[in-house]
């Protein structure tokens, strides 16, 4: 048996019966709770509360009560130590069978997409017949880390036997030890936040303020239009009084966005273009996606929207400044498309996660650059450009918000529905590309195809 | 929601106080629990017609304790007056006075049921007078009953027998605790259609039912009751109520469909969901409804239109889509929720009452359409029901509204749900185009 999942021909040319033939992994549907701004409607909700709510909405939509799912995979980026078994606890609190196994995963902002890829691969290999992928994050209920001084005192106190010993240990405490360390989005190896990193990339690719604001405006208008059309009626279950993403500004305008002051890259002077309007805010929320084999879905009369075709991960050396922190998808997509013998022209929809408007634009600029294509992607010229009318057509993270681990599930659920509808209306298969950048210089990308 | 007054007058001190002061003394009603006996004591079948004999034999075959004549001083569960062959008002005397002698022996929560023929179908003035006489007799008798006992009548169309499936279905419903808050009402059985359930504990087994407005209140209770009775459920509510809808759906092991029923394609989407996910669609309960109360002088277009659109226009559109689809099961059942406001009117509810009266008109006119497809369409008209909505009525008004019926209390959502579940069952196949009130014989209205 080979280790790369390919069937190995036996010497006589037949395929060994012990190696399972791969089969299709289909997306049945998705469910998420509306995304809230940090400190807003979900300020008092834990990761476990939100993930359970997203699961319960999915279970209700598809009648999965008491069902033993092959595996549930989910995770959070900002995770309390008490959440060590977060996904299992959420499943136990849901209407699923308690005999449903789970695993937790953490791959920064790519967590949600990676759970889809992982479970789809297991389905393709015949290891499981059904899976629920998901993710959750709370920027409000974030774990607070105490200072190293306080932590050492607490641990020593725990080990102390006598009262004098305890008093002696307590006397070591200094006022500065009591200040908690706020969770940040700074990269441990550079000390720069994600926004500061992107500001460098933005300047490098000469992405204009106007282009960023236009992308942000489209995100809000597209998301608002999708709500008006009822697009989210079967993708979302309200939670804690929220029925729509709280970050959505349906009435925002070019002028309003242009009036905002830059918040990242201010040391770049005139090149500072990234504002609160074209950057995603910290967000709370959760999402889930139901995956299955054809047989499992058919046996339960469940819809089949799209198939998970293939996926690719990449990472860049942002530490030494070789590439921008959020540019890994720039390398992942060409590798994936080459493997699948596809070009950018073969896609009906592109879902490029809007960590920042400039991230999307930098990615597109890199793909359109001949020199970059030759020197970094090993191509004959530019990788290509995309039809902008196919990009994030129902809004993306700038308007919806971005609870880190929940973004992948949001995109996959929505894209699967869009592809299915597109194929139904045109009578031919539709294809979609998902691209999610992540902290640590990583990126995960995937191809979905309509059913 | 709790009717604290009823709790008070059913406790030791409160009971004595209420008695001395001559205050209303509402009884705690017996309500249906699975496994409970159909009726709490012997059943006396009064009447000397062939129909009475056949009915008594049928009930005896169900292992009920059946009497043809009351034994003096024996406590009774129910008295059934079989009046299916009345020719003249004078014919009432014998059965009515026979029942009179047993009234004091009726147990708490006992049942009086009349079986008679509709006056409209009578061929002589004398017969019509006798048949119509049952109406006034029964409604008055129901008001004399105490301790949670109720009186209801079954109107058997000429040609249908007291032992036809739906006659037995209606009698069973009225005998049982499922009809706790149905009082002083007549239910017409017009055909011999219908069949009694194989398992009386699960009369909706194998059925796929859609309930609109299922996220909370009466709708959620309808879902629970129909789940208990064996139905597979599709629960519908507006997307904004999706979290409560999901919670009810997970409780009753159904599927949640977030949908605005006023959408042009709501009927098709309901049908698609039910057929794709559950293989069929047998029952639709039109429960979704809103109030936007204002005196007519202060009524604006938005209030008027939203109530008409949600409460009746949407039902008409969905029914049309269901009828046109050709995808309904072989014995489809539609049950709509009307209101006694639509019968008696209610100050500040012109829009609501118009919509709910509209539901009754729709049900009567749609009956032949559904009959031609082997189905039925009926409505229930709740009176004062203890819900989140009525809990917001000011206390004094609420107290008065609660006591204005023969049972001197508000009904529970489960009372409405039980009646709907009965009308949705196979046993109600001969009942079509009817509006059954669930109001404890409220003093207003018909």
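The values are calculated or read from the model by the stated rules, or taken from the named source; none is laboratory data. Quick caveat, the model's predicted, so the values are computed rather than measured. Neighbour counts run over all protein chains shown; Cβ positions are idealised from the backbone, glycine included.
List of remarks:
- Among the residues here, residue B:349 qualifies as more than 14 Å from chain A (Cβ to nearest Cβ), over 27 Å from residue B:194 (Cβ atoms) and in contact with a helix residue (DSSP H, G or I) (Cβ under 9 Å, 6 or more places away or on another chain).
- Pairs are defined by a Cβ separation below 9 Å, a sequence spacing of at least 6 or placement on different chains, a first member in region B:346-370 that is at positive phi, and a second member that is modelled with pLDDT under 95 and assigned to a loop (DSSP other than H, G, I, E, B); the pairs so defined are B:348/B:293; B:348/B:294; B:348/B:295.
- Filtering region A:214-242 to residues that are surrounded by 19 or more Cβ atoms within 10 Å (Cβ to Cβ) and in contact with a strand residue (DSSP E or B) (Cβ under 8 Å, 6 or more places away or on another chain) leaves A:234, A:235, A:236, A:237, A:242.
- Filtered residue count, region A:306-354, keeping only those that are outside any strand (DSSP E or B) and farther than 20 Å from residue A:203 by Cα: 17
- Whichever residue in region A:65-84 is modelled with pLDDT of 95 or more and over 22 Å from residue A:113 (Cβ atoms) and, among such residues, is farthest from the other protein chains (Cβ to nearest Cβ): A:68
- Residue in region A:297-307 that is under 22 Å from the mean Cα position of the chain (by Cα) and more than 14 Å from every other protein chain (Cβ to nearest Cβ) present: yes
- Test result for residue A:270, out of contact with any helix residue (DSSP H, G or I) (no Cβ under 9 Å at 6 or more places or on another chain), modelled with pLDDT under 95, surrounded by fewer than 19 Cβ atoms within 10 Å (Cβ to Cβ) and closer than 18 Å to residue A:37 by Cα: no
- Residue selected from region A:143-165 under the condition without any contact (Cβ under 8 Å) to a residue 24 or more places away in the chain and touching a helix residue (DSSP H, G or I) at 6+ places or on another chain (Cβ under 6 Å), by the criterion farthest from residue A:83 (Cα to Cα): A:160
- Test: residue A:155 is surrounded by 15 or more Cβ atoms within 10 Å (Cβ to Cβ) and farther than 20 Å from residue A:403 by Cβ: no
- Cβ pairs under 7 Å, 6+ apart, first in region B:377-401 and part of a helix (DSSP H, G or I), second at pLDDT 85 or above and surrounded by 13 or more Cβ atoms within 10 Å (Cβ to Cβ): B:390/B:384; B:390/B:410; B:401/B:384
- Single condition residue B:168 does not satisfy, out of (1) touching a helix residue (DSSP H, G or I) at 6+ places or on another chain (Cβ under 8 Å); (2) crowded, with 24+ Cβ neighbours inside 10 Å; (3) not in a loop (DSSP other than H, G, I, E, B): (2)
Quick grid of which residues meet (1) free of Cβ contacts under 8 Å to residues at least 12 places away in the same chain; (2) in a loop (DSSP other than H, G, I, E, B):
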| residue | (1), (2) |
| --- | --- |
| B:271 | no, no |
| B:281 | no, yes |
| B:294 | no, yes |
| B:297 | yes, no |
| B:302 | yes, no |
| B:306 | no, no |
| B:318 | no, no |
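- Matching strands (runs of 3 or more DSSP E) fully within region B:177-269 where at least 3 residues are within 14 Å of chain A (Cβ to nearest Cβ): B:208-212, B:232-237, B:255-258
- Answer residue from region A:253-277, given it is in contact with a strand residue (DSSP E or B) (Cβ under 6 Å, 6 or more places away or on another chain) and under 28 Å from residue A:287 (Cα atoms) and is farthest from the other protein chains (Cβ to nearest Cβ) among those: A:274
- Qualifying residue in region A:32-39 (condition: touching a residue at least 24 places away in the same chain (Cβ under 8 Å), more than 24 Å from residue A:128 (Cα to Cα), under 22 Å from the mean Cα position of the chain (by Cα) and within 12 Å of chain B (Cβ to nearest Cβ)): yes
- Of the helices (runs of 4 or more DSSP H) lying entirely inside region A:368-439, those carrying at least 1 residues that are more than 24 Å from residue A:232 (Cβ to Cβ) and out of contact with any strand residue (DSSP E or B) (no Cβ under 9 Å at 6 or more places or on another chain) are A:370-375.
- With respect to the conditions (1) modelled with pLDDT of 95 or more; (2) in contact with a strand residue (DSSP E or B) (Cβ under 8 Å, 6 or more places away or on another chain), residue A:93 falls short on a single one, namely (2).
- Residue among A:199, A:250, A:246, A:203 that is surrounded by fewer than 22 Cβ atoms within 10 Å (Cβ to Cβ), more than 14 Å from chain B (Cβ to nearest Cβ) and out of contact with any helix residue (DSSP H, G or I) (no Cβ under 6 Å at 6 or more places or on another chain): A:246
- Single residue of A:208, A:140, A:171 found to be within 26 Å of the chain's Cα centre (by Cα), farther than 30 Å from residue A:24 by Cα and exposed (fewer than 15 other Cβ atoms within 10 Å of the Cβ): A:208
- Elements of type helices (runs of 4 or more DSSP H) in region B:1-64, at least 2 residues being at pLDDT below 75, within 26 Å of the chain's Cα centre (by Cα) and surrounded by fewer than 17 Cβ atoms within 10 Å (Cβ to Cβ): B:4-9
- Selection status of residue A:61, away from chain B (no Cβ under 14 Å) and at pLDDT 95 or above: no
- Residue list for region B:272-293, filter: over 23 Å from residue B:305 (Cβ atoms) and more than 14 Å from chain A (Cβ to nearest Cβ): B:282, B:283, B:284, B:285
- Scanning region B:93-135 for residues that are loosely packed, with under 14 Cβ neighbours inside 10 Å, at pLDDT below 95 and in a helix (DSSP H, G or I) turns up B:93, B:94, B:97, B:100, B:104, B:120.
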